[in-house]
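I have a structure I would like to understand better, so I am pasting it below and will then ask my questions one at a time.
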Amino acid sequence: MEDNLTEENGKLDFHLSEDDEIYRIRMYGDPILHERALPIEAITEEDHQIAKKMLATMYSNPIGIGLAATQVGILRRLIVIDIDRDDPDNAPIVLINPEILEQEGESVIEEGCLSIPELKAEVKRPEKIIVSARTLDDEEIIIEDESLLARVLQHEIDHLNGILL
């Protein structure tokens, strides 16, 4: 399998190929979904491979725009997001050890979850957030957002903390 995950100048390049392996998504009722993921102390080649396989897993589901490592049975603080997956110029986001630094406002929007595919729920979350994380290249990144990205970040970070919807 060729390596199709690279990061250059902070932009992640990922190309899905039909021979990419995918993870089994853990479903509601699996106890691992209620466990807190462990921080990643040093980013390794294994983390790159996990991220690649997580992206392939997310893209294999037509509605997937985010996935946390806990959802595939891995207790590591790693998430992947692509809120505009149909845009070929858009790059997915891979974050290591994401942490919400600040939040403000409030909004209620219907959310879905790959681990509970049959359920949609109205979820109240802060409207604007600031998140700190590391990239796969071990660079610090700060994301300040109040769009769909803010909501997806919060949803995936909740998964890392053992929280479902």
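How many residues does the stretch 77-105 contain that are without any contact (Cβ under 8 Å) to a residue 60 or more places away in the chain and in contact with a Lys or Arg (Cβ under 6 Å, 6 or more places away or on another chain)?
Final tally of qualifying residues: 4.
Looking at the stretch 85-108 only, could you name the residues that are of a type in the set (A, V, I, L, M, F, W, C) and modelled with pLDDT under 95?
Of the stretch 85-108, the ones of a type in the set (A, V, I, L, M, F, W, C) are 91, 93-96, 100-101, 108.
The one that is of a type in the set (A, V, I, L, M, F, W, C) and modelled with pLDDT under 95: 91.
Let me ask you something else. What single numbered condition from (1) out of contact with any strand residue (DSSP E or B) (no Cβ under 8 Å at 6 or more places or on another chain); (2) within 23 Å of residue 22 (Cα to Cα) fails to hold for residue 148?
(2)
Taking the stretch 93-136 as the search range and keeping residues that are surrounded by fewer than 15 Cβ atoms within 10 Å (Cβ to Cβ) and part of a loop (DSSP other than H, G, I, E, B), which one is nearest to the chain's Cα centre (by Cα)?
This residue is 117.
So that you can scan it fast, the table gives a plain yes or no per residue for (1) in contact (Cβ under 8 Å) with a residue 40 or more places away in the chain; (2) under 26 Å from residue 118 (Cα atoms); (3) of a type outside the set (Ser, Thr, Tyr):
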{"position": "26", "(1), (2), (3)": "yes, yes, yes"}
{"position": "34", "(1), (2), (3)": "yes, yes, yes"}
{"position": "39", "(1), (2), (3)": "yes, no, yes"}
{"position": "46", "(1), (2), (3)": "no, no, yes"}
{"position": "49", "(1), (2), (3)": "no, no, yes"}
{"position": "55", "(1), (2), (3)": "yes, yes, yes"}
{"position": "61", "(1), (2), (3)": "yes, yes, yes"}
{"position": "71", "(1), (2), (3)": "yes, yes, yes"}
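The values are calculated or read from the model by the stated rules, or taken from the named source; none is laboratory data. Because the structure is predicted, anything quoted here is derived from the model rather than measured. All Cβ positions, even for glycine, are placed from backbone atoms using ideal geometry, and neighbour counts span all protein chains on display.
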